[in-house]
Amino acid sequence: MRIVSLAPTQTEIIAALNCENHLLGVTENCDYPEHIEGRATFGSWWAPDLPGVMEEKPDLVCTFGKHQEELAAILQEEGLQVYHSDPRTVKASLQTIEDIAVLLDCEKTALSLLQELHERLTEVAETLAAHSPVNRPKVLRIMNWKPLISVGPGSFQHDVIELAGGRNVMSDGMEPYMVCVPELIIQRDPQAIFFCEQHLLEVLPGDSRWQRVNAVREGKIFLFDCGLTCRSGPRIVDMVEGLASGLHPELFPARNRRS
């Protein structure tokens, strides 16, 4: 099967299923695993080269997220087989792995992979349940700094926060991803903040407004690789484990990802 993956998440899944030899091409943003780089590229995740994809006539095109819904429809109208996913939870993210495995006829590989991922999630859940933290920390996920964008219910990152033993400070948000008023966030006083933009490690402690926030005062600010925070492939479980260790280092000392 000749596959074009137009999203880093789907590329990671295909590689995790040991089917990267089927990849005809990817996007310039597909950077994991490392040996994926060097393949033909069809633009970026944000602006894929659709004419190039159509010219190659692959057997399957994999797309991802709300941003790529329209282009997925365009490719389908051109007669191409398209697999599109936009998971809203960690469970749905793992279902995507199973769906792609069925398309690629590698269910046995997926079964082993998914069993391991589910077992790791269960371990985190059981550890948290055994200690029953009375007050789980309020957590802010910063997607973008200017404007300040965070996550709400309906985003897999909201689910990651909950599974890691935290409470999303924007759990009452009306959208999965939303622009927030900084003053409102500061007023809600998150106890932990995580992001994937390194400059925020200096920006937050250096801002007089944010210095009033518990997370900044206590140094509970965490930097994670974008491949963990922004993608819902197999490494989404790494993200749950890493955030859990940041929020509850006494329970998960071996996986502490504090920056």
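Values for this structure:
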{"item": "For the range 3-86, convex hull volume per residue from C-alpha positions, Å³", "result": "77 Å³"}
{"item": "Rule-of-thumb Rg ratio for the range 124-173 [Cα; 2.2 N^0.38 Å; N residues]", "result": "1.23"}
{"item": "Of the DSSP H helices in the chain, those whose Cα atoms cover at least 18 Å axially and whose Kyte score averages 0.5 or more", "result": "90-104"}
{"item": "Fraction of beta bridges assigned by DSSP in the range 133-255 that are antiparallel (%, nearest 5)", "result": "35 percent"}
{"item": "Two-site label geometry, ALA73 and SER112: point separation in nm, points 7 Å out along Cα→Cβ", "result": "4.1 nm"}
{"item": "Kirkwood Rh and Cα Rg combined as Rg over Rh, evaluated for the chain", "result": "1.00"}
{"item": "Residue-span extension gain [GLN81 to GLN187] - 0.36 nm each, minus C-alpha spacing", "result": "33.3 nm"}
{"item": "Separation of alpha-carbon centers, the range 49-77 and the range 207-253, rounded to whole Å", "result": "34 Å"}
{"item": "q = 0.11, 0.20 Å⁻¹, the range 133-255: log10 I(q)/I(0) [Debye, one scatterer per Cα]", "result": "-0.32, -1.16"}
{"item": "GNM top mover of GLY154, GLY38, GLY233 - the chain, alpha-carbon springs below 10 Å", "result": "GLY38"}
{"item": "Computed magnitude of the charge dipole of the range 133-255 (debye, nearest 20; Cβ of K, R +1, Cβ of D, E -1)", "result": "140 debye"}
{"item": "Beta bridges per DSSP with both ends in the chain, % antiparallel, nearest 5", "result": "20 percent"}
{"item": "Alpha carbon convex hull of the range 82-158, projected area averaged over orientations, nm²", "result": "7.3 nm²"}
{"item": "Relative contact order (percent, whole number), the chain, Cα cutoff 8 Å, 6+ residue spacing", "result": "16 percent"}
{"item": "Percent antiparallel among DSSP beta bridges (both partners in the range 3-86, rounded to 5)", "result": "10 percent"}
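No lab work stands behind these numbers, since they all come straight from the coordinates. This is a predicted model, so every value here is computed, not measured. So basically every Cβ, Gly included, is an ideal-geometry build from the backbone, and we count neighbours across all protein chains shown.
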